Amino acid sequence: MFNSQKIILLLVIVLAAGFAGGFYFNEFSDFGTGIGRDFVNRAVGQPDGVDFSLFWNVWNQLQDKYVDSEDLNSQELLYGAIDGLVNAVGDPYTVFMQPKESENFAQEISGTFGGVGIEIGLRNNILTVIAPIKDTPADRAGLMAGDKIVKIGDKSTESMKISEAVNLIRGPKGTPIKLTISRGEKNSSSKEVTIVRGTIRVPTVAWKMLSGDIAYIQLFVFNRNVDNDIEKAVREIQKSNARRLILDLRNNPGGLLDSAVNIAGYFIDGGLTVTEERTNDGQKQVFEAPNHGQLKNYPLVILINKGSASASEILAGAIKDHRGVLLVGEKSFGKGSVQEVSELPGKSSLKVTVAKWFTPKGTSINDNGIEPDYSVERTEDDINNERDPQLDKAEELVRGLR
């Protein structure tokens, strides 16, 4: 289903290990235990001008000299070589996914998976919570966007790959996992949080009426369910007494590009640019809003924070550029690249960054994020005491709009 499907992610949980192109077997046999010399397609797919004798030299020396060579598994060695190749690219979003990781990724995009319910990524090479997913064990345990994960169980996360972190955090429903979290500045103290794993069903859309005529819409993620859910919410809002809107994209880690483009069509005119894709060879592709338009005339304020990433940044940026709407909250995460996912032999897959995204006015999101018009912090104390100064500010502003 996701063969060559373009995805903007964060995570929907980012699995940053991987392998990119270069060294590729069209087919490979099940070598089983032991290295052996009976390879298939040993030279197929080699790029011009690259001498692979060094690779085979090392491979053969392992077979001939390693003290426990009978314990070596050719499939594991191949995956390890692929991991090393992709890691050398230096992009945490370009990853090779072994069969189990590939299966987990497909579950995440479908909206149901097992774990604690956090999107994780790398920020300054530190394993970081992009966003806790609403109403999950991680959310109920008080994890926040921007939390640094120092340890998983008793294992330090220093130099840990995201794929390894994901595998450690995941586990059977009902089992506990201990995370050591650092919050705030670099030298801030850490604390241990024990979370009981559960089955994670990712919500997509919720809305309610605030006092007066304000409809408050929350978008939690852009997965395969969001298009139907937002369509239903829009119909309900149109039948309500809503005359103004607040769109909440806080802690929305992103997901499917197509859904972000589709949803933008409810808030801006059809045919307008939602985002522009730019590849490394200079090619550009423009994605235009469909002609929905049901909410384009409602006065609108958008909420963002450091947990707003990828597709949510694209949506906020498009509406901001075309309508000049006010953004309230904190600077967004800054994940403005697109990944293409391809199935590989043996049920593994490759997710590779193929382009970067720009807002309609040409602003690069990647690494930069989107700045709010009104910078308002929501502290841990605010959350613990159910205060929301960001939403309060958005309400104040939208009431003054005509």
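Miscellaneous remarks
- Among (1) touching a residue at least 60 places away in the same chain (Cβ under 8 Å); (2) part of a strand (DSSP E or B) - the single one V286 does not satisfy: (1)
- Positions within region 140-174 being without any contact (Cβ under 8 Å) to a residue 60 or more places away in the chain, among the polar types (S, T, N, Q) and crowded, with 17+ Cβ neighbours inside 10 Å, in sequence order: T157
- For R323: the one exception among (1) in contact with a helix residue (DSSP H, G or I) (Cβ under 9 Å, 6 or more places away or on another chain); (2) among the basic types (K, R); (3) surrounded by fewer than 24 Cβ atoms within 10 Å (Cβ to Cβ); (4) modelled with pLDDT under 95: (4)
- Residue that is farthest from E377 (Cα to Cα), among those in region 345-366 that are among the hydrophobic types (A, V, I, L, M, F, W, C) and surrounded by 17 or more Cβ atoms within 10 Å (Cβ to Cβ): L350
- Hey, D367 under 18 Å from T94 (Cα atoms) and modelled with pLDDT under 90 or not: yes
- Within region 299-350, the only residue that satisfies the criterion of being among the hydroxyl-bearing types (S, T, Y), in contact with an Asp or Glu (Cβ under 7 Å, 6 or more places away or on another chain) and in the same structural domain as N262 (by TED's automatic domain parsing) is S332.
- Condition met for E380 (touching a residue at least 24 places away in the same chain (Cβ under 8 Å) and farther than 16 Å from R323 by Cα): yes
- Within region 268-303, being of a type in the set (G, A, S), surrounded by 14 or more Cβ atoms within 10 Å (Cβ to Cβ) and either at pLDDT 95 or above or within 25 Å of G329 (Cβ to Cβ) (or both) holds for one residue alone: A289.
- Taking residues in region 267-281 that are touching a residue at least 12 places away in the same chain (Cβ under 8 Å), and partners anywhere that are part of a loop (DSSP other than H, G, I, E, B) and surrounded by 16 or more Cβ atoms within 10 Å (Cβ to Cβ), the pairs with Cβ atoms closer than 6 Å and at least 6 places apart or on different chains are F267/L295; F267/K296; I268/A289; I268/K296; G270/A289; L272/A289; T273/P360; V274/A289.
Results for (1) of a type in the set (K, R); (2) at pLDDT 90 or above; (3) in a strand (DSSP E or B), shown as yes or no for each residue.
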{"position": "L85", "(1), (2), (3)": "no, yes, no"}
{"position": "P92", "(1), (2), (3)": "no, no, no"}
{"position": "N104", "(1), (2), (3)": "no, no, no"}
{"position": "I109", "(1), (2), (3)": "no, no, no"}
{"position": "I130", "(1), (2), (3)": "no, no, yes"}
{"position": "G142", "(1), (2), (3)": "no, yes, no"}
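- Scanning region 383-402 for residues that are of a type outside the set (D, E, K, R) and in a loop (DSSP other than H, G, I, E, B) yields N385, G400, L401.
- L327 meets the conditions (1) touching a residue at least 60 places away in the same chain (Cβ under 8 Å); (2) touching a Lys or Arg at 6+ places or on another chain (Cβ under 8 Å) in every case but one. The failed one is (1).
The values are calculated or read from the model by the stated rules, or taken from the named source; none is laboratory data. This one's a predicted model, so the numbers in the text were calculated from it and none came from an experiment. FYI the Cβ positions are ideal-geometry reconstructions off the backbone, even for glycines, and counts take in every protein chain you see.
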